[in-house]
1. Quick one: which residue in Arg347, Arg318 is among the basic types (Lys, Arg) and within 24 Å of Arg439 (Cα to Cα)?
2. Taking helices (runs of 4 or more DSSP H) that do not extend beyond the stretch 343-447, which have at least 2 residues that are of a type in the set (Val, Ile, Thr), under 21 Å from the mean Cα position of the chain (by Cα) and under 21 Å from Met295 (Cα atoms)?
3. Return the only residue of Ser353, Ser311, Ser358 being of a type in the set (Gly, Ala, Ser), closer than 20 Å to Pro264 by Cβ, at pLDDT below 85 and in contact with a helix residue (DSSP H, G or I) (Cβ under 8 Å, 6 or more places away or on another chain).
4. Quick one: would you say Arg284 is farther than 30 Å from Leu405 by Cα and not aliphatic (A, V, I, L, M)?
5. Just a yes or no: is a residue in the stretch 306-329 within 30 Å of Gly404 (Cα to Cα) and surrounded by fewer than 24 Cβ atoms within 10 Å (Cβ to Cβ)?
6. Quick check on my filter: what residues within the stretch 336-369 are surrounded by fewer than 20 Cβ atoms within 10 Å (Cβ to Cβ), in contact (Cβ under 8 Å) with a residue 24 or more places away in the chain and closer than 14 Å to Val420 by Cα?
7. Looking only at the stretch 30-50, how many residues end up being under 22 Å from Leu171 (Cα atoms) and touching a Lys or Arg at 6+ places or on another chain (Cβ under 8 Å)?
8. So how many residues does the stretch 105-145 have that are free of Cβ contacts under 8 Å to residues at least 12 places away in the same chain, farther than 30 Å from Leu239 by Cα and of a type in the set (Ser, Thr, Tyr)?
Amino acid sequence: MDVAAPLASPPSVPPDLRWRRLGVGAGAMLAGRLTTAVCGLVQVPIALAHLGTEAFGLWLAATGFVWTLSILDCGLGFAVQNRLATLFGAGREAEAVALVRRTWQMLAVGAAIVATVGVPIAIWGRWDAWFGVTDPALRAQTHAAVAIAFTAAAVNLPLAFAARVAAALQLMWLTGLWTAVASVLGLAAVATAAWLGLPLAGFMVAACILPLAPHVGTWLHLRRRAAWLRRPTTTPPDLRGLARASVLFFMPQLGAAFIGSFVPTLVVFFAGPIAAATYGVLQRLFGLALQLQNMALLPTWPVYTQAAAASDATFMRRAFRATWMLTALVFVLPTMLLTPWVPAVVRLWLGASAPAISPALLWTMLGWHLLQYCGAPIAMVLNGVGRVGGLAVFGWICLLITLGLCTILGPRWGAAGVIVALAVPYALINLPLTGWQARHALTAVAPPAANMPENAIR
């Protein structure tokens, strides 16, 4: 089967094509995320020069808020992704089509609820006080920025399901392609907003293009390539167990959003918009490698699902070892070597508008990203085989501990304190326990024979 051929029916991927699909998906996602990162780097001096430090920090926090609100599907998209991957692998076309359509309908209803509830909260909430905004002119724009964030999140809710369908089909190159296109559009929108002299709300609209555009493009592409998605079916969707699976996926999904896109908002809450601006500048650099790693590993998720359904434990263990080697050699080592040069890169990048970077923030950022590198291969295994209970429980425990530590360390140490509050429970609780669960999950797929050393997880 050619990975670029039109999909007349759901594919049942033979083992010899799993590596090829994995490579194509990872390459496309990497290219898309790299384009996003480059466009994000170009955006920073444009936005910082026009908005100023405080408004720039608030813009980063509100943009992160948009990404965080993508969790409002409550884990349904990821639960359905795993179910669809199983149905596709078994060639159960009618059930897959029925499930896709019913899920989209449920997400559309959820979007209406989010818009109905969220926009009034955005308008009437005391967001300027909660974010610690000091500029009177900026205070007047805060409510509009948050309202745009809620609106974008509502629109994104059903659209984002396209990425889940593409992942289940091992067509993640579609998401990579459209992410790259959306990144270029987002950069053009931010440059246009600066050229027109638009206020913060205008920049928020520009930033919201990025999360919406790739999902629209992916849906259109899927409808053209996967003809079976358009066929009528009278088969009722099998929703048994989806509610429980959604809850289990939602909890680690919330944790991932909390330690990822929501961090600028946390910094604003506990340290103010100016500290968030400094953090945001560093995150654009440190986050580049982390995003590339996530995109490189994300195609392993549906591959683990289908390999587990086929009881192909050997493939799963080899893939797991490969992800760790990739993480160590391509991401961990280069990040450690390049971190001392980050302040010089920031000065070269932003010139006179470059913020002062404390050594404490620089090295806590390094430690935090090294921990996240180690967590990504583990999360892909557990998500792929559907064993997310531990991710859910440990994630919530860490989240509660982090919030408590933020109230103590954030006001005292600023952005560095927020990063420490995130890293400590993650390193002591989440990472070691989920790592043990991933090893157990791999051995439980098909217990290896004692005389086959290749089956041991090395």
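The values are calculated or read from the model by the stated rules, or taken from the named source; none is laboratory data. Just so it is clear, the model here is predicted, and its values are computed rather than measured. Here the Cβ is made from the backbone with ideal geometry for all residues, glycine too, and neighbour counts use every protein chain on show.
1. Criteria check complete, one pass: Arg318.
2. Details: elements: 359-384, 389-413, 415-425, 431-445.
The qualifying helices (runs of 4 or more DSSP H) are 359-384.
3. On the way: Ser311 fails: closer than 20 Å to Pro264 by Cβ; Ser358 fails: at pLDDT below 85.
The match here is Ser353.
4. Details: farther than 30 Å from Leu405 by Cα: no; not aliphatic (A, V, I, L, M): yes.
Answer is no for this residue.
5. Let us first name the residues in the stretch 306-329 that are within 30 Å of Gly404 (Cα to Cα), namely none.
No: zero hits.
6. Residues satisfying the conditions are Ala360, Leu362, Trp363, Leu366, Gly367.
7. First, the residues of the stretch 30-50 that are under 22 Å from Leu171 (Cα atoms): 30-37.
If we keep only those that are touching a Lys or Arg at 6+ places or on another chain (Cβ under 8 Å) as well, we get 37.
So the answer is 1.
8. Result for the stretch 105-145: 0.
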